[in-house]
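Attaching a single structure in C-alpha cells format; questions to follow.
Throughout, read-outs are computed from the coordinates displayed, never taken from laboratory work. Not measured: the values here are computed from a predicted model. No Cβ is skipped: glycine too gets one built from the backbone with ideal geometry, and neighbour counts run over all protein chains shown.
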Amino acid sequence: MSGSPVLTEKPVTFAPVLDLALHKRQVQAALAKAVALGKIEIPTPKPAPAAGVFTLAQYQTPFENQGDRGTCWAFAGVAALEAAYKRKFGTVVDMSEQYTFHMGKAFALSVDANGFARPLENNSCATGFQGSGDISEKLSENAIPDAGTAPYLSQEGLLGILPTLGYPAADISSLKTQEDFDALEFCEQHIGLIARVNARYRGTNWVSIGGNPSVSALENTLLSNHEVICDVTHLTSPKGGHVLLLIGFDRNRKVFFAKNSWGENKFIEIAYSNDPNWTIDSGYYIVDVVDPKFVQNQACWLGNWWMTIGSDTGRLLVRRAEDFQHPGQPTKLGTFYDAAGKHDVNGSFSNNGANLHISVGPPNTPVKAGTLVGTQIDAQLDFTDIYNQTGIDNTRRPVTLTRFATRFAAIWEHRGVPFAARHGIDANTYQAAFDSEKAAGFRPLRVTGYSEGRDARFAAIWIPDDHSAAWEAHHNLTADQYQATFNKLTAQGYRLTDVSGYAINGSARYTGIWEKRSGPDWQAHHGMGWQQYQQLLASLSAQGYVLIHVSGYRVGVGVQFAGIWEKQPGVVWQTLFGLTASQYQKRFNDFLATKMRPVCVSGYSDSGIARYAAIWRQDTGPAWEAHHGMDSANYQSQFDRLNARGLIPVQISGYGDGFYPA
C-alpha cells in the first residue's frame, strides 16, 4: 500500500474525551434507535484483497484537529462525508465541522415525559460532547455547508463571542436561559446566515453495523467502499469515549487504519484485538450522498426572522427543521416573541423544504411538541431574495419575514443654510417630495436608496439650488439603466457626485446625482465585489486618486460596492470597509484621536449583520457629528437635536442589520 500509515504516538496535549459511563449510555441509546428503525445491517462478505491490505486513504481529505473541544463526532462524520463526495463526484470539499456540531446540538429537541419542550429545549455548542457515531444519521437528515462559511472555533474563540453579545467573557455559566443559549448559537459570529443558505452536503441514508462489531463486519464495510464511523473507548490517558473514522486495514499485521482528529496529521493504527489504546464500540456508515448542486431548503429557514402578521411584528426563531427522534413528523420548530410574550411554534416542511407550515401558539402557554394550534402560517421560499420571504395566515392576512431591521448612519455639519430631509419613504413618495422640493427651489444633495424587505425605501437631503451648475438626479435605475444614464450624462459633460446602490427583489438598483461642471479628473465604478473593489482602491490610490464617496449594498447573498474617485493632491485620507459595528466604532475613535473626521459612511447588510465602509479625511471643517446603528426613531431624535443646534445632515445611509451585535 502506497503511503501505509504507521502507528504514531499521541500528541502531548489530548483533546477532550467523554466520561465513560455517559459514553456507554449514548452508544447504547444510539444502537437501540438503530434497531428500532431497522438500520442494523451486517455487511455481506467481500472478496479478500490480494495482498491482504485495503485502504480508502485515496479518498481522504486533509487531516483536521478538534483542539480543546469535545467535537470528535462532528470531525469523524464530516471526514466520512467528505470522503464520500470525493469518491462519487471527484471533488475535494472542506466541509464545516463547526456547523455540523451546531446542527447536532442546537437542532436537537429535549422534551419532558408529557411531550412538552423543557425550559432548555436543546443543547449548546458551548457545552461540548453529547454525540456519538450516529452522526451518520444526522448528516443524512441535515445538510452542511463548506467550512469557509462557518469556520471551526476553538473553545476560547467560541466563548470569545460572548462579550459582543453582552455576556462576561469566557463565562459559560452566564448562559442560563434558552434565550441566552440561542444568542450564542444563532448569532452571526458563530454560524452566519451565509452558511445556512449554502447547506448542500448530505447523506442519502445511513446504516449501523451494530455494537462491538466483528473484525469481518468492519473489513467488509470498508471493502464496500464505506468508511466506518466508530464509537471508541480510549483506554489510556485521557480515558474516555471518543469517535473516529476507520479507513482501511492490513490483514497481515491485523490492524485497522483510522483517521483521528487529535492533531496526529497521519493515520493511526488500531489492532484487531487487544489494542493497548483503543476498543471499537460501534460502527456506522453513510450509504450515499446527494447532488451538491442543490441547497437543502429547510436550512434556509433556520435562525431569526422579523415576522409581521397584520400589524403585529415580533421575532421568530426557527431552531430546527425536524425532531431527530421523530423524523418527518410535525414538531416544535422554535419560538415567536412579541409584545404579548413567548409563543411556542410547531410545524413542518413540505415540497422538499421549500414550504414552511407553522402554528404560532397562544402567548406564554406551553404547547405539546408537534401539536398544531393557534395562528396557522404558510410561507414559500423564494430565492430571488433569500433573506426576505412572504406568506399568509389562516385568515388570508399577508405575512412577511425578514432577516433585517432598518438602521441608519449619518453625518451632520454646521452649514447655516436651509434644507429639507426625508427618510423611510417609498419610491412614489420620494418622487412627490422630489417634485415639490424642486418646485420650491431646492436640489438634492444626497439621495440614498436602501432595501427594506423585498422593496426599497429612500432617504434624501435637499439644499437651495444656487443654479451654479446644471444637474440631474435619477432613482430606481436597473444596472443597465444606470450605466446607460451614466454614459449619456458624462458624454454631455456631467460628473457623478452621488451614487447609492440597493436591491429590489434581489436585483440591483441605483440612485445617482450628476452635475455639469468642471473639476479634477475623476472616475466612478459600480457593481464591484469586495475583491474587485479592494483592487481598484489600491490601483487608483497609486495613481493619485482620492475616494470621495462609497456605497456598499447587498444584492442577493452578495455584497457590491459603488464609488467615486477624484484626483486631489495633498489630501490626507483613509478608507476602510467590511467593518462590523464594534470594529467601526473602534476605528472611528482611533481616527478621531488623530484629527481625522468621517466624510462618508455607508452601512450595508452582509449575510446577517451590518458592516460599514467609510472615508476619513484630515481637515478643519465646520462643526460636525456622526452616528450609526440608529433605528428610525433614534435617527429622528438625533435629527431634531442637531437641527436645533444648526447642524444639517450632509450624508445618510440606510441599511439592514441583524439580531445580535457584532
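Have a look at ASN114, SER224, GLY210 and report the one farthest towards the positive end of the charge dipole of the chain, computed about the Cα centre with Cβ charges (Lys/Arg +1, Asp/Glu -1).
SER224
Treating the beta-carbon of each Lys and Arg as +1 and of each Asp and Glu as -1, no other charges, what is the dipole magnitude of the chain about its Cα centre, to the nearest 20 debye?
On the way: 56 positive and 61 negative charges, 93 e Å.
I would put it at about 440 debye.
Let me ask something else about it. Mind checking which lysines have their Cα closer than 28 Å to the Cα of LYS516? Skip sequence neighbours fewer than 8 apart in that chain.
Reachable lysines: LYS438, LYS488, LYS567.
Given a Förster distance of 30 Å, report the FRET efficiency between GLU625 and GLN535 from their Cβ-Cβ distance, rounded to the nearest 0.05. Before the final figure, lay out each step's value.
Details: r = 33 Å, r/R0 = 1.12.
It comes to 0.35.
Please express the shape of region 20-289 as an equivalent ellipsoid: the semi-axes are the square roots of 5 times the eigenvalues of the C-alpha gyration tensor, given largest first in whole angstrom.
Numbers: eigenvalues 204, 77, 65 Å².
The three semi-axes for region 20-289 are 32, 20, 18 Å.
Let me ask something additional. Would you work out the charge dipole size for region 297-402 about its Cα centre, treating the Cβ of every Lys and Arg as +1 and the Cβ of every Asp and Glu as -1, and quote it to the nearest 20 debye?
Numbers: 8 positive and 9 negative charges, 48 e Å.
Charge dipole of region 297-402: 240 debye, to the nearest 20.
Can you give the Rg and Dmax of the chain based on its C-alpha atoms, in angstrom?
Cα-based Rg and Dmax for the chain come out at 28.9, 94 Å.
Name the long-range amide H neighbours of MET95: under 5 Å, sequence gap of 5 or more, or other chain; modelled H, no Pro or chain starts.
Those lying under 5 Å, H to H, from MET95 are ALA147.
Multiply the residue gap between ALA29 and GLN492 by 0.36 nm, knock off their C-alpha separation, and tell me the result in nm, one decimal place. Write out the running numbers ahead of the final one.
Details: separation 463, 0.36 × 463 = 166.68 nm, distance 7.63 nm.
Difference between extended and current length: 159.0 nm.
Treat each spin label as a single point 7 Å out from the Cα along the C-beta direction, and report the ALA50 to VAL92 distance in nm.
Placing both labels 7 Å beyond Cα along the Cβ direction yields 2.8 nm.
Can you give the FRET efficiency for ARG415 and ALA169, using 1/(1 + (r/R0)^6), R0 = 35 Å, r = Cβ-Cβ distance, to the nearest 0.05? It would help to have the intermediate numbers written out before the result.
Numbers: r = 43 Å, r/R0 = 1.24.
Efficiency for this residue pair is about 0.20.
Same structure again: Tell me, what are the semi-axes, in whole angstrom and largest first, of the equivalent ellipsoid of region 297-402 as set by the roots of 5 times the Cα gyration tensor eigenvalues? Walk me through the numbers on the way to the answer.
On the way: eigenvalues 65, 65, 27 Å².
Listed largest to smallest, the semi-axes of region 297-402 are 18, 18, 12 Å.
For the pair LEU22 and ARG641, what calculated FRET efficiency results from E = 1/(1 + (r/R0)^6), where r is the Cβ-Cβ distance and R0 = 45 Å, to the nearest 0.05?
So the FRET efficiency works out to roughly 0.20.
Could you order peptides 444-451, 47-54 by the average number of other Cβ atoms within 10 Å of their residues, highest first? Could you put the intermediate results ahead of the total?
On the way: 444-451: 25.5, 47-54: 12.6.
Sorting 444-451, 47-54 by mean packing, highest first, produces 444-451, 47-54.
With n ≥ 4 as the cut-off for DSSP H runs, can you work out [θ] at 222 nm for the chain, using -39500 (n - 2.57) per run divided by the number of residues, rounded to the nearest 500? Can you show the working numbers first?
Numbers: 14 runs with 148 residues, N = 662.
My calculation for the chain gives -6500 deg cm²/dmol from helical runs alone.
For ALA439 and ASN205, compute 0.36 nm times the residue count separating them, minus their Cα-Cα distance, and round to one decimal in nm. List each step's numbers first, then the result.
Working: separation 234, 0.36 × 234 = 84.24 nm, distance 6.82 nm.
Gain in length upon complete extension: 77.4 nm.
Follow-up. Distance in nm between label sites at ALA542 and ASN225, each 7 Å beyond Cα in the beta-carbon direction?
Here the modelled spin labels are 4.9 nm apart.
Okay, which of region 349-378 sit inside 16 Å, backbone N to the point 7 Å along the Cα-Cβ direction of SER311?
Hits in region 349-378 for SER311 at 16 Å: none.
When only DSSP loop residues count, what trypsin sites (Lys or Arg not before Pro) in region 143-229 have their Cβ near at most 12 other Cβ atoms within 10 Å? Before the final figure, lay out each step's value.
Numbers: sites: LYS176, ARG196, ARG200, ARG202; in loops: LYS176, ARG200, ARG202.
Taking region 143-229 and a limit of 12 other Cβ atoms within 10 Å, the loop trypsin sites (Lys or Arg not before Pro) found are LYS176.
So, one more: Using a 10 Å cut-off on Cβ atoms, rank the peptides 423-435, 314-326 from the highest mean neighbour count down. Please report the intermediate quantities before stating the final value.
Numbers: 423-435: 15.2, 314-326: 19.5.
Put in order of decreasing packing, that is 314-326, 423-435.
A follow-up question, please. Kindly flag which residue pairs out of LYS24/LYS254; LYS105/LYS176; LYS88/LYS293; LYS138/LYS342 have an alpha-carbon separation exceeding 19 Å in this structure.
Values: LYS24/LYS254 26 Å; LYS105/LYS176 16 Å; LYS88/LYS293 14 Å; LYS138/LYS342 29 Å.
Beyond 19 Å between Cα atoms: LYS24/LYS254; LYS138/LYS342.
Now for a separate question. For a quick check of your reading of the filter: which trypsin sites (Lys or Arg not before Pro) in region 569-662 sit in a DSSP loop and have no more than 14 other Cβ atoms within 10 Å?
Working: sites: LYS586, ARG587, LYS595, ARG611, ARG617, ARG641, ARG645; in loops: LYS595, ARG645.
The qualifying sites are LYS595, ARG645.
Additional query: Please report, for the Cα atoms of region 405-657, the Rg to one decimal and the Dmax as a whole number; what are they, in angstrom?
When restricted to the Cα atoms of region 405-657, Rg and Dmax are 17.0, 43 Å.
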